[in-house]
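This report concerns only the one structure given below.
The values are calculated or read from the model by the stated rules, or taken from the named source; none is laboratory data. Everything quoted here is computed from the prediction, not taken from an experiment. So basically every Cβ, Gly included, is an ideal-geometry build from the backbone, and we count neighbours across all protein chains shown.
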Amino acid sequence: MKASDLQKLYPARLFVFLREHIGDVVNSTAALHCLRQRFPDAHLCVEVGERAVEALQNFPGIDDIWIRPTHQGLWGKLRFIRRLREGHFDLAVILDDSADMVLHAWLGGIPVRVGVRRKEKFQRLYTAFVPHDPSRHETLEHFRDLVELLGCDTSDYRPRLYPSSEDTRTAEQELHRAGWDGSIMLVGINPGASREHRQWFPDRFAQVSDALAEQGITCALLGGPGDKHLAEEILANCRSRPLVLTGRLTVLQLAALMPYLRLLITADSGPMHIAAAMGTRVVALYGVSDPAYTGPFGDGHTIIRHNEPCTGCTAERCVHDRECMKRISVEEVVASTVLHL
């Protein structure tokens, strides 16, 4: 199908495949908004991984959300394909580079299928695709190119989250419950990441918290329930007493909290992308993963990275015991933080 034909499409039923990690889905909301604007009358159904579905709560214009289990197995996939066929969708937009998704869309009887192609596998099943380019941002730039292929206006292309007023009230209540009096400058610390080799070190986060406390700045420890052990280790190494909100906020409550922070110190993680989507600047600590490929949206952020030489490592696997993360010093993190305040 020619590009000019794609831009004349007006599907009655639109199906969008999303990924499963929170940061990826946060960034995908930029493309999702553009699709809603481009096809205002279409029934918009979104499939998303169960770990990231919270990021889509309150998102305007979504008619239906299908939750994809993390481990669905063969029978789960077959049920999903049957459900696609029963849905009679006209257009599939695959906000991912997974070859399996275009296969599922084809088996599900969706006649027009567009996505990001990384591999040759199932290439012929795409009606049109954007070729994967490792030098470009994995989600923000690839997905923008994809929706432009469909004639979307991307002049206001940015991730969007929609915390409710109740989310905001809960975030503020949790801050006060943790000991914030409303007058102290707050800096967030997110110690976790989806993979251990992307994490910095709790004892160093503790030193950062202590150094900032000496300058009258209070740190708030954030993260999900799986990061509680990191928060406990930070507290065990602290002289100061940071606020602890780790594991106490939902995705949108965390988003609602971000405007209360002057800055977030974080590794490459979901909370980094949530902060950027809410307009909060970040000091991002990077190891082997490439910030040009997975970095935060927008300007004004600071990226700290010392990964040379790092032969043999990939974004998925570290073979040097996090040497690149060890090269990030407490002093430069504190200096970068203070520079923003």
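For region 13-38, what are the residues that are over 20 Å from the mean Cα position of the chain (by Cα) and either among the aliphatic types (A, V, I, L, M) or over 19 Å from residue 158 (Cβ atoms) (or both)?
13, 14, 15
When the residues of region 107-153 are narrowed to those that are basic (Lys, Arg) and part of a strand (DSSP E or B), which ends up nearest to residue 292 (Cα to Cα)?
117
Report, by residue number, each residue of region 207-222 that is farther than 18 Å from residue 247 by Cβ and of a type in the set (A, V, I, L, M).
Of everything in region 207-222, those that are farther than 18 Å from residue 247 by Cβ and of a type in the set (A, V, I, L, M) turn out to be 208, 211, 212, 213, 217.
For region 141-174, which residues satisfy the criterion of being crowded, with 21+ Cβ neighbours inside 10 Å and under 19 Å from residue 279 (Cα atoms)?
159, 161, 163, 167, 171
From the set of residues in region 70-101 that are farther than 17 Å from residue 9 by Cβ and touching a Gly at 6+ places or on another chain (Cβ under 6 Å), which is surrounded by the fewest Cβ atoms within 10 Å (Cβ to Cβ)?
85
Could you pull out the residue among 245, 186 that is touching a Cys at 6+ places or on another chain (Cβ under 9 Å) and not assigned by TED's automatic domain parsing to the domain that holds residue 26?
Checking each option against the conditions leaves just 186.
From the residues in region 218-232 that are small (Gly, Ala, Ser) and buried (at least 22 other Cβ atoms within 10 Å of the Cβ), which one is farthest from residue 170 (Cα to Cα)?
Restricting to residues being small (Gly, Ala, Ser) and buried (at least 22 other Cβ atoms within 10 Å of the Cβ), the top hit is 231.
State whether the residues of region 233-251 include one that is surrounded by 17 or more Cβ atoms within 10 Å (Cβ to Cβ), touching a helix residue (DSSP H, G or I) at 6+ places or on another chain (Cβ under 7 Å), hydrophobic (A, V, I, L, M, F, W, C) and closer than 30 Å to residue 134 by Cα.
Yes, that holds for at least one residue.
What is the residue count in region 1-58 for residues that are assigned to a helix (DSSP H, G or I), of a type outside the set (Ser, Thr, Tyr) and under 28 Å from residue 296 (Cα atoms)?
Residues that pass the stated criteria total 19.
Counting residues that are acidic (Asp, Glu), at pLDDT 95 or above and in contact with a Lys or Arg (Cβ under 7 Å, 6 or more places away or on another chain), which helices (runs of 4 or more DSSP H) fully inside region 249-321 reach at least 3?
Those helices (runs of 4 or more DSSP H) do not exist here; none qualify.
Take region 69-98 and flag every residue that is hydrophobic (A, V, I, L, M, F, W, C) and either in a strand (DSSP E or B) or free of Cβ contacts under 8 Å to residues at least 24 places away in the same chain (or both).
Correct list: 74, 75, 78, 91, 92, 93, 94.
Between 58, 27, which is touching a Phe, Trp or Tyr at 6+ places or on another chain (Cβ under 9 Å) and surrounded by fewer than 16 Cβ atoms within 10 Å (Cβ to Cβ)?
Checking each option against the conditions leaves just 58.
State whether the residues of region 272-288 include one that is β-branched (Val, Ile, Thr) and touching a Cys at 6+ places or on another chain (Cβ under 9 Å).
yes
Could you list, in sequence order, all residues of region 126-141 that are among the charged types (D, E, K, R) and touching a residue at least 12 places away in the same chain (Cβ under 8 Å)?
The answer is 136, 138.
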